[in-house]
């Protein structure tokens, strides 16, 4: 829901501000590639006070593109398109949209030059089919592409904006942030605040969360709009005020009340990841972390190395696929593996301790288990989906057993999120000066 | 594009077969969750001869749902909806669509019983708001939900099909495969083959690929439809025949010609990942692989552990974030790190060799470099985006230097894909009985 421009934003050229995103490509409709453009652009706009009203994904067929664009152009104020600007025969967006808008395409020598320079820089020869990308709308502008050949195109017509973006995410994303957002802001089409305030939680279910927060929501009644979104062990709660009955400051106050009520189950505001929250706690306490994984196969290490400047707090990780590698890399005793099995609380603890010692870390997380069908079938009392976590901290080491339904990828993500949340709670306790673990040790011994 | 039913499929009830998917939810439009329903349903239909014609994502607002559904119902033959069937106040799909179709909702005692049993099985008490989910269309059917409370709903009206599916993927996916696909097949709305033949390539750009394959495409003219899809160092090419001028066998022959032309740049047919292709080659040759990573931070290990039965060929991996960890876990000599730096061909080679030796593997891949801004800033001649790969094989070890633009996540994926492709080519050579590397060694020494 877009509010009218506030006095601090430039006066708007537009009466209504209905944003639509058209994502083009059979590969999206065939499920061959995920619609990451919706995720990226939706989030970027949401953080600037705009709720995208619709996303339509259609085939590469010229008739379908023309029909959809005509309908969307009639109803929307800002239309963003992605894809179909490339050099190959199935790239038709530029031509079709120009026809619908009654514009000619004109050859742009500047685009051609930029492409030639790009090919030369990579020591490659430009094939003639690339020249297709050097055409722009006669009454339109070019958004230079620093990361690929096809530039973006910008058209203002009929009191509306059309912005055409290239399909590859590594080209689209910087172009959107560096060129499109400033242009939209200049036209007064963005707000200086998010469309909502988001609270992130971990380790609490959606209905339990709603029940805990209901007393707060009840006090604001219809002025407040609440939505929940669950992600594999994390639940986000968004509060907004579509009617604008509550100001930004009031929404932040509501979120603050909720956070207070939730205590440790509250993970953070906005869009921070669990790994980022752990990273910040580790950095603040000047501690280092190591990880050892079997079932999650690198995903736990990967979640930390995604954080900028990970080397400051992340000592490293080991991915083990055999008992040999656990013995070799983590000094897990062979007799322990033989007696308790590689999927056990004891193995998890030995892996965590081994990782902390080998890598010289203060904290270590270990994950072992059966993530999915395959070579490592669940056995005996440990069916597929069984996960043992271990957490090594300066003052002790603990293990816990978990069980998740679903396919391999789900079990892996749930296990990683559970490990991250455990570390987060432990670091919060350490920060508060507590010395005990966040809950009683569950390691059988 | 859907073809008319062939003699082997039941006669169709429908003249045209236009499929549309409506995905409901602000969380999709705000980029808070990815539209996995499109990926899943699009792929399921594509593998049964159906190209989904459109996917529309709209807000949870009742007016928006009604407006969009009215428009879609007028043009489509099969409409699938996801989300908005749950117990809470923002779940409005059932009520809005019933109104548009002029149907009453009727209470279904069978649904209520199934919900009661489900709550009892989990030892929970059913709250009254759940009863909302026990209503079905007066002239419609119920698709039982084995994994959640909200059942799916099935309506045949005006010679069209409406199928409403619950939002949670773990409920939607089995319902779609076990109930929706058989119903669609019974109505003659699916075909016994894929909508296209897909060739996957690696290590070749999109426009170069098209240029190489153009002679094949030219021979088939308008009978053949060709589309390309680039994924960070991989390009897929789909060939199809929307007019049905070419049979499945002919399309496969076209794809075979293309594969022949491409030689080693051809990676495989269909949907196999690079890691899966490497895994199959390793298993066939009874070889084991280890990995050592800095810049890709676990993503390389993760790509192999996603493959079912990874323990059969994957010995394990090490994620290093410091020189200490390289020395400790991989036996990289300190003097080498000091002399050449940790981001160097020499370090990459020492990491690969160390990983192979420590983990007892025949092959090892190592990745080091500067993936993004942060603690590990690119230095001197190695700016951010510089990657050194090393490949250890039974008959030698090689390194190569690469450079990628873009953000950290892009550099990581490109580096992983380059490493996988290098291994794939090396294993192909080994399979062919060649003993030399796939290209001249590039390690400066």
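The values are calculated or read from the model by the stated rules, or taken from the named source; none is laboratory data. What you see is a predicted model, and the numbers here were worked out from it, not measured in a lab. Here the Cβ positions follow ideal geometry from the backbone for every residue, glycine too, while neighbour counts run over all protein chains shown.
Can you name the condition, by its number, that residue B:159 falls short on among (1) assigned by TED's automatic domain parsing to the domain that holds residue B:122; (2) touching a helix residue (DSSP H, G or I) at 6+ places or on another chain (Cβ under 8 Å)?
(2)
State all residues of segment B:232-242 that are without any contact (Cβ under 8 Å) to a residue 40 or more places away in the chain and out of contact with any strand residue (DSSP E or B) (no Cβ under 6 Å at 6 or more places or on another chain); if no residue qualifies, say none.
At the first step, the residues of segment B:232-242 found to be without any contact (Cβ under 8 Å) to a residue 40 or more places away in the chain are B:235-237, B:241.
B:241, the sole residue that qualifies.
What are the residues in segment B:23-42 that are free of Cβ contacts under 8 Å to residues at least 24 places away in the same chain and closer than 19 Å to residue B:190 by Cβ, if any? Please lay out each step first, then the result.
Residues of segment B:23-42 that are free of Cβ contacts under 8 Å to residues at least 24 places away in the same chain, as a first pass: B:27, B:30-35, B:38-39, B:42.
Of everything in segment B:23-42, those that are free of Cβ contacts under 8 Å to residues at least 24 places away in the same chain and closer than 19 Å to residue B:190 by Cβ turn out to be B:38, B:39, B:42.
Residues checked against (1) surrounded by fewer than 18 Cβ atoms within 10 Å (Cβ to Cβ); (2) at positive phi:
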{"residue": "A:255", "(1), (2)": "no, no"}
{"residue": "A:260", "(1), (2)": "yes, no"}
{"residue": "A:267", "(1), (2)": "no, no"}
{"residue": "A:277", "(1), (2)": "no, no"}
{"residue": "A:297", "(1), (2)": "no, yes"}
{"residue": "A:300", "(1), (2)": "no, no"}
{"residue": "A:312", "(1), (2)": "yes, no"}
{"residue": "A:315", "(1), (2)": "no, no"}
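Take the residues in segment B:146-159 that are modelled with pLDDT of 95 or more and surrounded by fewer than 23 Cβ atoms within 10 Å (Cβ to Cβ), then tell me which one is farthest from the chain's Cα centre (by Cα).
Filtering segment B:146-159 for residues that are modelled with pLDDT of 95 or more and surrounded by fewer than 23 Cβ atoms within 10 Å (Cβ to Cβ), the one farthest from the chain's Cα centre (by Cα) comes out as B:157.
Of everything in segment A:186-208, what is modelled with pLDDT of 90 or more and in a helix (DSSP H, G or I)? Give them in sequence order.
The answer is A:186, and nothing else.
If I go through segment A:281-290 residue by residue, how many of them are assigned to a loop (DSSP other than H, G, I, E, B) and without any contact (Cβ under 8 Å) to a residue 60 or more places away in the chain? It would help to see each step written out before you state the result.
The initial filter retains those residues of segment A:281-290 that are assigned to a loop (DSSP other than H, G, I, E, B), namely A:285-288.
Now drop any that are not without any contact (Cβ under 8 Å) to a residue 60 or more places away in the chain, which leaves A:286.
So the count comes out to 1.
For segment A:57-70, what are the residues that are surrounded by fewer than 18 Cβ atoms within 10 Å (Cβ to Cβ) and either in contact with a strand residue (DSSP E or B) (Cβ under 7 Å, 6 or more places away or on another chain) or at pLDDT 95 or above (or both)? Show your work before the answer.
To start, the set of residues in segment A:57-70 that are surrounded by fewer than 18 Cβ atoms within 10 Å (Cβ to Cβ) comprises A:62-64, A:66-67, A:70.
If the condition is that a residue be surrounded by fewer than 18 Cβ atoms within 10 Å (Cβ to Cβ) and either in contact with a strand residue (DSSP E or B) (Cβ under 7 Å, 6 or more places away or on another chain) or at pLDDT 95 or above (or both), then A:64, A:66, A:67, A:70 are the ones that fit.
Taking the conditions exactly as written (modelled with pLDDT of 85 or more, more than 20 Å from residue A:273 (Cβ to Cβ) and either assigned to a loop (DSSP other than H, G, I, E, B) or within 25 Å of the chain's Cα centre (by Cα) (or both)), does residue A:411 satisfy them or not? If you could, list the steps in order and put the result at the bottom.
On the way: modelled with pLDDT of 85 or more: yes; more than 20 Å from residue A:273 (Cβ to Cβ): no; either assigned to a loop (DSSP other than H, G, I, E, B) or within 25 Å of the chain's Cα centre (by Cα) (or both): yes.
So residue A:411 does not fit the description; no.
State whether one or more residues within segment A:254-266 are in contact with a helix residue (DSSP H, G or I) (Cβ under 6 Å, 6 or more places away or on another chain), within 22 Å of residue A:415 (Cα to Cα) and not in a helix (DSSP H, G or I).
Scanning segment A:254-266 turns up at least one residue that is in contact with a helix residue (DSSP H, G or I) (Cβ under 6 Å, 6 or more places away or on another chain), within 22 Å of residue A:415 (Cα to Cα) and not in a helix (DSSP H, G or I).
If I filter segment B:28-40 down to residues being crowded, with 23+ Cβ neighbours inside 10 Å, part of a helix (DSSP H, G or I) and facing chain A (nearest Cβ under 7 Å), which single residue comes out as farthest from the chain's Cα centre (by Cα)?
B:29
Counting only residues that are part of a helix (DSSP H, G or I), over 25 Å from residue B:425 (Cβ atoms) and facing chain A (nearest Cβ under 10 Å), how many does segment B:209-231 have?
To start, the set of residues in segment B:209-231 that are part of a helix (DSSP H, G or I) comprises B:209-223.
Then keep just the ones that are over 25 Å from residue B:425 (Cβ atoms); that gives B:217-223.
So of that shortlist, the ones also facing chain A (nearest Cβ under 10 Å) come out as B:217.
Number of matching residues: 1.
Keeping to segment A:46-71, report how many residues are facing chain B (nearest Cβ under 8 Å) and within 16 Å of residue B:28 (Cβ to Cβ).
8
Condition first: at the interface with another protein chain (Cβ under 9 Å from one of its Cβ atoms) and more than 22 Å from the chain's Cα centre (by Cα). Now tell me which residues in segment B:232-245 satisfy that.
Narrowing segment B:232-245 to residues at the interface with another protein chain (Cβ under 9 Å from one of its Cβ atoms): B:232, B:236, B:238, B:240, B:242.
The answer is B:242, and nothing else.
Having 2 or more residues that are within 11 Å of another protein chain (Cβ to nearest Cβ) is the bar; report the helices (runs of 4 or more DSSP H) wholly within segment A:291-351 that clear it. Don't jump to the end; show me each part of the working.
Numbers: elements: A:299-305, A:323-330, A:334-340.
Of the helices (runs of 4 or more DSSP H) lying wholly inside segment A:291-351, those with at least 2 residues that are within 11 Å of another protein chain (Cβ to nearest Cβ) span A:299-305, A:323-330.
Of the numbered conditions (1) surrounded by fewer than 22 Cβ atoms within 10 Å (Cβ to Cβ); (2) at pLDDT below 90; (3) in contact with a helix residue (DSSP H, G or I) (Cβ under 9 Å, 6 or more places away or on another chain), residue A:337 satisfies every one except a single condition; which is it?
(2)
Mind checking which residues of segment A:72-98 are over 25 Å from residue A:126 (Cβ atoms) and at the interface with another protein chain (Cβ under 10 Å from one of its Cβ atoms)?
Correct list: A:75 only.
Here is a list of conditions, (1) farther than 24 Å from residue B:204 by Cβ; (2) away from chain A (no Cβ under 14 Å), and residue B:262 meets all of them except one; can you say which number that is?
The number of the failed condition is (1).
If only one of A:114, A:134 is within 14 Å of chain B (Cβ to nearest Cβ) and at pLDDT 85 or above, which one is it?
Result of the check over A:114, A:134: A:134.
Checking residue B:405 against (1) within 11 Å of another protein chain (Cβ to nearest Cβ); (2) outside any helix (DSSP H, G or I); (3) surrounded by 17 or more Cβ atoms within 10 Å (Cβ to Cβ), only one condition comes out false. Which one?
Among (1) within 11 Å of another protein chain (Cβ to nearest Cβ); (2) outside any helix (DSSP H, G or I); (3) surrounded by 17 or more Cβ atoms within 10 Å (Cβ to Cβ), residue B:405 violates only (3).
Please go through segment B:161-174 and pick out each residue that is modelled with pLDDT of 90 or more and buried (at least 21 other Cβ atoms within 10 Å of the Cβ).
Matches in segment B:161-174: B:161, B:162, B:163, B:164, B:165, B:166, B:172.
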